[in-house]
Structure formats: C-alpha cells, structure tokens
1. Order the peptides 428-441, 288-301 from the highest to the lowest mean number of other Cβ atoms within 10 Å of their residues.
2. Subtracting the Cα-Cα distance from 0.36 nm times the residue separation, let me have the gained length for Y263 to V636 in nm, one decimal.
3. First check a/c for segment 429-653, with a ≥ b ≥ c the square roots of the eigenvalues of its C-alpha gyration tensor; if it is under 1.5, answer rounded, and if not, answer prolate when a/b is larger than b/c or oblate otherwise.
4. Where in segment 455-491 does the label zone of T608 land, with the point 7 angstrom along Cα→C-beta and an amide N cut-off under 15 Å?
5. Give K584/K651; K135/K234; K560/K657 a once-over and call out the pairs whose C-alpha atoms are over 29 Å from each other.
6. Among rounded, prolate and oblate, which fits segment 271-417 when a ≥ b ≥ c are the square roots of the eigenvalues of its C-alpha gyration tensor, a/c under 1.5 means rounded, and a/b larger than b/c means prolate?
7. Stretched out fully, how many nm does the piece from K657 to A150 gain, at 0.36 nm a residue minus the Cα gap?
8. Cα gyration tensor of segment 37-84, axes a ≥ b ≥ c as square roots of the eigenvalues: rounded (a/c below 1.5), prolate (a/b > b/c) or oblate?
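FYI, it's all coordinate maths here, none of it is from the lab. Just so you know, these numbers come straight off a predicted model, no measurement behind them. Here the Cβ positions follow ideal geometry from the backbone for every residue, glycine too, while neighbour counts run over all protein chains shown.
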Amino acid sequence: MKEEAPKSQKEQKLADPMAASVDAATREMIVRAQELGVETIFDRAEKMKPCNIGSQGTCCKNCGMGPCRLPLPKSGIEGEDDRKGLCGASANTIAARNFIRMIAGGAAAHSDHGRCVAEVFLTAARKESEAYKVKDEQKLLSIAPYFNVATTVEADGKTLDRDVDEIALEVAEKAINEWGKPDGALLYTKRAPEALYEKWEKQGVLPRNIDREIVEIMHRTHIGVDQDYKNLMKQGTRAAIADGWGGSMLATDLQDVLFGTPYPIQSEANLGVLKEDHVNLVIHGHEPVLSEMIVAVVQTPEIQEYVKASGAKGLQLSGICCTANEILQRHGVPLCGTFLQQELAIITGACDAMVVDIQCIMQNIANVAKCFHTKLITTHPIAKMEQENVIHIEFDEHYAIEDAKRIVKIAVDNFANRKSEVMIPRHKNTQIAGFGVESIEYHLGGTFRGSYYTLNDNIINGRIRGIAGVVGCNNARTRHNEGHIAVVKELIKNDVIVLTTGCNGIACAMEGLLTPETAGVYCGPGLAEVCETVGIPPVLHLGSCVDNSRILLAAAEVVKAGGLGKDISDLPAAGSAPEWMSEKAISIGHYFVASGVYTVFGVTLPVTGAPVFQKYLFEEFEKMYGGMWDLEPDPVLHARKMIAHIDKKRKALGIDKTRERVLIDMADRRTMSG
Ligand code: BF8
C-alpha cells in the first residue's frame with residue numbers, strides 16, 4: 001500500500017512560523033503548538049480570511065434589514081457613486097458610521113478604564129482603602145490647577161501649602177465629574193496649545209463630557225439619524241478628543257498619582273523571561289489597579305515564604321499587553337510578550353497562572369489553558385469567559401490586598417501540577433523603559449535646566465530630524481512585529497526620534513531597540529550623537545495605550561518650548577500604527593489626527609470602500625486640524641511617508657537648511673547595521 005505523504009502546513013491550513021512572525025521566540029512556540037496540536041491565532045488566520053466588504057468599511061449592519069453590503073466595483077467608481085443600502089445610505093455614510101462606531105468603542109474602552117482609576121482614586125482620597133494611597137504628591141500638585149483646585153491657601157496674610165488630602169479629594173471629585181458633567185467643556189482640553197484649542201472651538205468639536213460624546217455616536221449611527229459623513233466625522237472627532245485629552249489622559253495622570261510617575265528603569269522582554277524553576281504568574285490586560293496590587297503582594301514576606309514552601313526557586317512575574325507596560329514602567333516587571341503571544345505564553349507549559357482583567361484578552365486562551373496545567377483567572381465584572389475551566393475572582397478595591405494574595409497563592413499552589421514538558425524559548429532582550437513627559441524633560445535638560453529647549457534646539461539644528469509616535473497592536477493578518485520593527489528602524493536611521501507605547505513598545509523591547517547602545521548601531525549620525533551624549537535610547541517607551549496621552553503632552557511641551565511653531569501641527573512630527581487591529585487604535589489615530597498629527601496606519605483601513613469619505617480623512621482633514629490620516633502597508637514606504645511629512649514641516653518652519661537633507665540610502669544602511 002502506498003504510504004500517504006504527511007500533509008504540509010499549507011494543506012492542513014496551519015501557519016508557516018517563518019511567515020507568521022519575525023521573532024525567533026514566537027516562531028519556536030508556533031512550531032511547538034503545532035507539534036502539540038494546540039491551535040493558535042496564527043493557524044486560525046490561515047483558516048479564516050477576512051470579509052472583503054467589511055474590511056473596506058462598507059458593510060452596514062446597524063438594523064435588521066441588513067447587513068447591506070456595498071462592495072467597491074473592481075473597476076473603481078466611474079461617474080456618480082450610486083451604491084445604496086436598503087434605506088438609501090450611501091457608501092460614505094456607511095463607512096463613516098462604521099468608522100465612528102470604532103472610535104466610540106475605542107474611546108469607551110480607554111475612558112471606562114480611566115473611570116475605574118478615578119473611582120479607585122476617590123476611594124483612596126476618602127481613605128476608604130488601605131491598599132491605595134497618593135504615592136506621587138508632586139504629580140497631584142501639578143495636575144490640580146487643571147481642575148481649578150487650589151494648592152495653596154491664604155491665612156494671616158501668608159500663602160500656605162494646602163493639605164494634600166484635601167487637594168486629593170477635590171481633584172478626585174472634579175475628575176469623576178468629567179465623565180458626566182452637564183455643562184462646559186472637558187477641562188484637560190486647555191492643556192492643548194492655544195492654537196489647537198481655538199481650532200477645536202471653531203470646528204465645534206470641544207467635548208462636553210466623556211460619556212456623552214460616546215453615547216451620541218451610538219445615537220447618530222442608529223438607522224435614520226445622521227446621514228452626512230462630514231457631520232458624522234465631526235462627532236467622531238469630538239469623541240476621539242474626549243478620549244485622548246479626556247479619558248486616557250485622566251487615566252494616565254491618576255495612575256501616576258496613585259502608583260507613581262514612571263522614570264527610566266531596566267528590564268527584559270520576550271517569552272524567554274519565563275523561568276522553568278520558578279512559579280510563573282503572567283498578568284494580562286490593561287488596568288494597573290489590579291496588577292499594582294499583585295506586584296505589591298509578591299514582595300511580602302508571607303508570599304515569599306509561601307513560594308519557598310512550594311519548592312519553586314522563586315516567583316517570576318511577567319506581563320502581556322498594556323498591563324505589562326504599566327508594571328514595567330513603574331516596577332521593571334519584565335514583558336512576556338505582545339498581544340499575539342498570549343496563547344504562546346501558556347503553551348510554554350511554564351505558566352502556572354495567567355490573571356486577566358480587561359481588553360485584548362483572546363477568548364481562546366481558555367481553550368489553550370485546558371491543554372496545560374495553567375489556571376486562568378478573570379477578575380473584572382465586565383470581562384468574564386464562558387469556558388468552565390476559567391476561575392473568576394472578582395477584584396474589589398476595598399479588599400485589594402486579600403484578592404491579590406488569593407490570586408498569587410493559586411499560581412504558587414499550581415507550580416506542583418505542571419504536567420507537560422516545559423519549553424521556554426531562550427530569546428529575550430534587555431530594555432530601558434519608563435519614559436514620560438517629566439523624564440524626557442529631565443534627561444534632555446538636566447536637574448537645573450530641565451526643559452524641552454534642548455530637544456527643540458536639536459530639532460532646529462537638524463541633529464534630530466523630527467519626532468514620531470509609533471504605537472499600536474499586533475494584527476494576525478500581517479507578519480508579527482515585522483511592520484513595527486521595520487518602521488521604527490527606518491525612522492531612527494533617518495534621525496527621527498521615536499516615542500512608543502502599547503504593543504509597539506513591547507515589539508521594540510523584544511528587538512533590543514530600547515537601549516542606549518542601539519543608537520550607535522541603528523541611528524543616523526545626528527540622532528546617535530544626541531542619544532549617546534545624554535544616554536537615552538533612540539526609541540523612548542512611554543507606556544501603555546492610555547499613555548498615548550503622554551505623547552500628546554510631550555508634543556504640547558515641545559510647542560511651548562518655542563522655535564517650532566505655535567501648534568502641534570507645525571511640528572516636524574508624525575504618528576504611526578504599523579500593525580493596528582483594535583478599535584482603541586482607531587480612536588488613538590483619530591485623536592492624533594485631530595491634534596494636528598499626520599498619522600499613517602499599516603495593514604488596512606476600513607475606509608477604502610468609500611473613496612470620497614477616504615479622501616475626506618486623508619486630505620481634507622488637514623485643512624481643518626493640520627493632521628490627516630494615511631494608509632501604507634509597506635513598512636519602509638510607511639516610514640518614508642512620515643519622513644516626507646516631517647521634511648515638509650521643517651521646510652515650512654524654515655529649518656530645512658540646517659540639516660543635510662538626504663534620505664539614508666541602502667548602501668549607508670548596510671554599513672550602519674553591520
Ligand atoms: O491597549 S496595542 S493589542 S495591548 S489595543 Fe491591545 Fe493594541 Fe496591544 Fe494595549 Ni493597545
């Protein structure tokens with residue numbers, strides 16, 4: 001009998017590890033998963049292809065008569081675009097409705113996270129919790145004026161410092177008010193440069209309160225309400241600003257007050273941070289309200305003793321997604337991986353427990369956990385899983401320490417239950433993370449003259465060509481981390497300093513781009529000189545996705561320092577999300593655009609099926625806000641478009657003569673990467 005040849009990966013519809021990721025650890029674990037017969041997102045991406053019409057943005061399912069699908073004709077649109085849904089909705093209306101619903105989803109996710117932090121902050125300010133306290137008084141005092149909260153009092157003709165507890169309580173109450181206040185505009189919008197604030201006022205997009213802007217999107221996109229793509233985008237813009245300069249910025253600030261403002265800290269990244277002889281507890285999700293408590297309890301003598309008694313050599317905490325970035329930047333806890341590596345962390349067989357809260361948690365991790373000994377613990381009332389192997393321990397801030405201890409003990413107890421052979425990839429890299437508005441100021445100016453002048457000087461003299469914010473997710477429709485790394489390397493080779501957050505930050509850390517030594521290897525000569533002089537990496541990790549608000553504030557500081565125009569849109573700066581996939585990324589992209597930043601997304605964008613609407617976002621937005629969208633899947637072209645925009649802004653500022661205006665060519669690049 002003829003022996004059947006084993007089926008190839010393609011025939012089995014399994015992922016090809018080399019094509020799926022540029023990262024060695026990820027490739028090894030995809031192979032391991034396939035050997036064990038454990039399905040991952042990489043395989044599912046082979047088995048199921050995306051809907052073409054949906055990915056173009058022109059599928060409307062907002063009522064029960066649809067979905068109405070309006071494919072773009074292969075030959076494009078000739079003459080009038082007469083495509084319509086049953087109600088008559090045009091392709092532009094449908095794409096705009098879908099787009100702003102994505103903004104609503106993203107803004108809601110960031111802002112609800114912010115609300116949770118604000119509530120915990122209020123609990124702390126009211127002294128109702130032992131676990132949470134004001135850790136960073138300086139940060140509290142620095143944000144109080146934006147809430148119109150006085151930090152001093154007048155008594156007997158003298159100005160005295162006001163009691164910190166009183167300030168905290170007033171700030172907490174005013175902060176919570178931002179989600180639902182009945183009148184006025186969001187207080188933090190005043191932190192934008194004046195010129196930008198005036199643009200928002202003129203366009204009528206100043207957010208009134210955070211929740212209202214999100215609710216109004218859901219109303220306007222209901223059947224038969226707003227049918228003008230420009231008017232729909234106006235509301236999308238207002239909600240996105242409410243995210244970036246509202247919910248996200250409040251989340252970042254209040255987290256800094258409660259848990260400390262990050263300062264540069266050394267750590268490691270990639271699956272290789274797991275340790276075979278340790279209890280491995282992986283924290284995954286987004287809110288530091290939970291993860292901070294876990295970090296605190298693992299250091300207690302009680303838990304240390306408990307670990308010792310288990311026979312393990314110690315307890316290794318590590319993180320996935322943005323909660324990882326939060327505990328990295330404040331405590332140096334290593335990053336286990338990006339969004340696409342969450343299943344792989346369990347497949348190592350060394351993950352004794354994975355504790356999750358909210359956002360970017362794949363439901364399939366519960367199925368993967370069933371194949372191993374891993375305990376999967378959900379903790380948030382709004383984020384449960386249906387699979388029966390999942391343990392739910394609802395995290396209550398009033399009993400935070402007790403809850404955190406319970407979770408950690410589950411991980412420790414489970415160390416003895418490892419069943420399959422452990423396989424941890426050896427790959428990991430060193431990183432310096434924990435940058436922010438305050439530390440950039442300090443690093444570039446020193447203790448006595450800490451300011452953004454030095455950064456501005458180096459931009460004006462051309463050593464630094466410009467600033468890029470490169471952020472966002474992984475996307476299983478594109479090769480894991482390839483876009484992230486290629487875009488960032490192309491930018492720094494051309495003297496553009498990169499500010500990173502989210503999964504881009506993790507990808508850069510895994511690649512070893514977050515060390516000062518990187519400067520000499522990958523950067524153009526100007527940026528390398530600046531980085532080597534001040535001892536910073538050319539890629540500065542600013543934290544999680546809500547911390548994109550740090551990029552907005554850093555840009556506002558650059559404007560304030562002078563010499564580079566009056567608005568963020570004047571700066572030689574650009575934004576990018578090379579591998580985006582989440583609604584949060586769309587909200588971030590749009591608040592970057594509405595803040596004056598040219599923003600390029602990779603992979604795809606759900607607007608390509610409605611060319612008129614696309615043109616509105618890609619071209620006409622610039623006239624209103626100075627920033628606009630773009631789409632470029634090729635990472636090198638992607639970076640070059642950003643550099644071209646940076647050069648356009650340098651020219652407009654009259655500082656294009658101060659630097660050699662050559663894009664570094666292939667030959668230069670080869671010598672530099674050697
Ligand atoms: O908020 S970058 S995949 S982890 S959505 Fe999610 Fe995207 Fe990663 Fe954090 Ni942000």
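1. On the way: 428-441: 22.9, 288-301: 21.4.
Top to bottom by mean Cβ count within 10 Å: 428-441, 288-301.
2. Numbers: separation 373, 0.36 × 373 = 134.28 nm, distance 3.14 nm.
Once the chain is fully extended between Y263 and V636, it gains 131.1 nm.
3. Values: a/c = 1.73, a/b = 1.25, b/c = 1.38.
Verdict is oblate for segment 429-653.
4. Residues 477-479 fall inside that zone.
5. Values: K584/K651 33 Å; K135/K234 39 Å; K560/K657 23 Å.
Cα-Cα > 29 Å for K584/K651; K135/K234; rest within.
6. Values: a/c = 1.24, a/b = 1.09, b/c = 1.14.
In terms of gyration-tensor shape, rounded.
7. On the way: separation 507, 0.36 × 507 = 182.52 nm, distance 4.62 nm.
Difference between extended and current length: 177.9 nm.
8. Details: a/c = 5.38, a/b = 1.95, b/c = 2.76.
Cα axes put segment 37-84 in the oblate bin.
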